[in-house]
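Asker: Quick one: structure below, then a few questions.
Throughout, read-outs are computed from the coordinates displayed, never taken from laboratory work. The structure displayed is predicted, hence computed values, not measured ones. Reconstructed Cβ throughout: ideal geometry from the backbone, glycine too, with neighbour counts over all protein chains shown.
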Amino acid sequence: MEAHFIFARFNRFYCDIKPAQPYIIKLAIDSHIMKNDYQGLMNLGIVYFLLILVSSVSTYFQNNTLQFTGQYVIYDFRQAIFQHFAKMEMSFYRAKPDW
């Protein structure tokens, strides 16, 4: 249950920071490039890089969680089918030799 909570937090954080990237580019162009403020541009570049880094880590955890969940669903489904076939009588298998 803890993994799902962490996944939800990363997903929420990812959705919150994704729109910030174009806004930082807007700030860089309007506020710093037009005014030749290269120190401010460097600071925005660092913030932009950190946002991309956090976004990448968040995407990594999101992908791993979804893959784990999908594999667990398939495993659970196969276990249920196997349990069902294991409980069936042998006469069922003798009546259907093509299986």
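Asker: Assuming Ala86 fulfils every condition listed in (1) assigned to a helix (DSSP H, G or I); (2) surrounded by 10 or more Cβ atoms within 10 Å (Cβ to Cβ) apart from one, which condition is it?
Answerer: (2)
Asker: Taking the conditions exactly as written (among the charged types (D, E, K, R) and surrounded by fewer than 12 Cβ atoms within 10 Å (Cβ to Cβ)), does Asp98 satisfy them or not? Write out each step before concluding.
Answerer: Values: among the charged types (D, E, K, R): yes; surrounded by fewer than 12 Cβ atoms within 10 Å (Cβ to Cβ): yes.
Yes; evaluated as a whole, the condition is true for this residue.
Asker: I need the full set of residues from segment 21-58 which are surrounded by fewer than 14 Cβ atoms within 10 Å (Cβ to Cβ) and within 11 Å of the chain's Cα centre (by Cα), in order please.
Answerer: Residues satisfying the conditions are Ser56, Val57.
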